[in-house]
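Input: a single structure, listed below in structure tokens.
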């Protein structure tokens, strides 16, 4: 793929950084058919190219298939091709194509389980290490991953985990798969109101488009590149409704070069003592049960816990600086056939190219008090349900917002991406957690405790992150500190959380 570049026309700064780009990619990329959720560099370079008008694909649904990346870069101008962003992605594409058999070792840990997680890989507990073997072919890919994670102060007894394992196949332009992979649905940098990597990945089955081709029909061509992803997953046994299922679907499309739109639907359904037939699934799928959360636990008219909403990302230059404006809203149920009681996320970011590399600065606000963004505030509502009383969580952690329900947060952040592969990020967040206090979720005797502030609390959170190469792999350091200890249902947290993770991939 790199042979397609016109090297003679590259600017001197780009020439000087190409070797570093190639080495940093080849040393750390994993053999998977997609760019992983949490890959800060891949996301930065994709969104940078998109903002510069050099990439017409989609960037708000992760993981992103490498074939979709290649299609989005097709037809890019010479100016686009010679940018550091294109150089990184084409090197990553080349690595993904040639690294068909790999083994990956990950070693990580922290002084305690991190309370807040954002887009970007980090340890999930005091000890978090794994080993994986991967195979990627033309039509099939698989990864077997075994890990050990110790969260210490929470009753998540699944210390031996297969998170990250999958098998997937390509059939035409559709991908079918099974496994437990992280997903991030939405445009936010710091959090998502739909799905994020805040909780462990839910094991299940999925299908979706492989490459985001635009429709050929003149009646539908206005949609532009589009993607559809859907899955059904199995939640844990020790929850209010044991073995409930999580079902999700997401449609994204790009009707204009500057605009991406996403539509998301998620619901919990089935489980022990709940209706699990095709009729109840059909009712849940069309939203027939919405608005009936106060029915008795065994009532067949209340088959699911629903959330649905939309998001967007718009990119355009402001005084010559590529700028993005984005937002997301998720409703708890339906009113008149549409979601209502919205939680909201809004933000903007700007891309600069100062010195040896590029920078992204963002300001992002989140409000998970249901309805407060557009109407009356509904406390004790967001991500909760009268029947599925463990809420929209998996092993005690929210499947969506890192700040949990009934929270408001404002984050100012900056990300520095050097051409030699070093990444440095910093952010400051002011937040109100668990407004009006109280514990709304039900925790079973052997279940994982809810990792949420146990009362209303105002905090200031500062976070630093450094990624760089080490011993042929990639080392990530991170530090998070709050002005006061956060007192959670799982106990009082340390004011400072220090964590590190090293990962290296070998060919075999």
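I need to check one value: relative contact order of the range 98-507, counting alpha carbon pairs closer than 8 Å and at least 6 residues apart, in percent.
14
As a check on your grasp of the helix formula, calculate [θ] at 222 nm for the chain: sum -39500 (n - 2.57) over DSSP H runs of n ≥ 4, divide by the residue count, round to the nearest 500.
Per the formula, -4000 deg cm²/dmol.
Would you mind checking the range 337-370 for residues with the amide N under 16 Å from a putative spin-label position 7 Å along Cα→C-beta of residue 412?
Once the point is set 7 Å along Cα→Cβ of residue 412, 347-350, 360-366 turn out to lie under 16 Å by backbone N, inside the range 337-370.
For residue 442 and residue 167, calculate 0.36 nm times their separation in residues minus their Cα-Cα distance, and state this gained length in nm to one decimal.
95.6 nm
So what is the diffusion coefficient of the chain in µm² per second by Stokes-Einstein at 20 °C and 1.002 mPa s, using a Kirkwood Rh over Cα pairs?
The calculation lands on 92 µm²/s.
For residue 256 and residue 230 in one chain, what is 0.36 nm times their gap in residues minus the Cα-Cα distance, to one decimal in nm?
Here the segment from residue 256 to residue 230 would lengthen by 6.9 nm.
Just need the Rg to Rh number for the range 310-349, please, alpha carbons only, Kirkwood Rh.
Reported Rg/Rh (Cα atoms, Kirkwood Rh): 1.20.
Extending each Cα 7 Å along its Cβ direction at residue 74 and residue 422, get the distance between those two points in nm, one decimal.
It is 3.9 nm.
Compute the distance from the alpha-carbon center of the range 304-328 to that of the range 173-195, in whole Å.
16
Below 8 Å, C-alpha to C-alpha, sequence gap of six or more: please give me the relative contact order for the range 353-508 in percent.
Contact order relative to length: 18 percent.
With a Förster radius of 45 Å, plug the Cβ-Cβ distance of residue 477 and residue 222 into 1/(1 + (r/R0)^6) and report the FRET value to the nearest 0.05.
About 0.45, to the nearest 0.05.
For a footprinting-style exposure proxy, rank 54, 80 by other Cβ within 10 Å, fewest first.
80, 54
Sort 418, 258, 316 by Cβ crowding within 10 Å, fewest neighbours at the top.
Least crowded to most crowded, the residues run 316, 258, 418.
Could you let me know the centre-to-centre spacing of the range 429-508 and the range 97-154, using Cα atoms, in angstrom?
Centre-to-centre distance over Cα atoms comes out at 17 Å.
Taking the mean number of other Cβ atoms within 10 Å as a proxy for protection, how do you rank 185-194, 374-383 from highest to lowest?
185-194, 374-383
With a/c under 1.5 counting as rounded, go ahead and sort the range 203-286 into rounded, prolate or oblate using the C-alpha gyration tensor (a ≥ b ≥ c being the square roots of the eigenvalues; past the cut-off, prolate if a/b is larger than b/c, else oblate).
In terms of gyration-tensor shape, prolate.
Neighbouring Cβ atoms within 10 Å as the yardstick, rank 470, 251, 351 fewest first.
Ascending Cβ contact count within 10 Å gives the list 470, 251, 351.
At a Förster radius of 41 Å, what calculated FRET efficiency corresponds to the Cβ-Cβ distance of residue 111 and residue 321, to the nearest 0.05?
0.60
Treat each spin label as a single point 7 Å out from the Cα along the C-beta direction, and report the residue 135 to residue 352 distance in nm.
That separation, rounded to one decimal, is 4.9 nm.
By how many degrees, between 0 and 90 and to the nearest 10, does the Cα long axis of helix 40-51 differ from the longest principal axis of the chain?
On a 0 to 90 degree scale, this one is about 70.
Read the figures in this text as sums done on the coordinates, not as results from a lab. Just so we're clear, the structure is a prediction, and the values are computed from it rather than from any experiment. In this analysis, Cβ positions are derived from the backbone assuming ideal geometry, glycine residues included, and neighbour counts consider all displayed protein chains.
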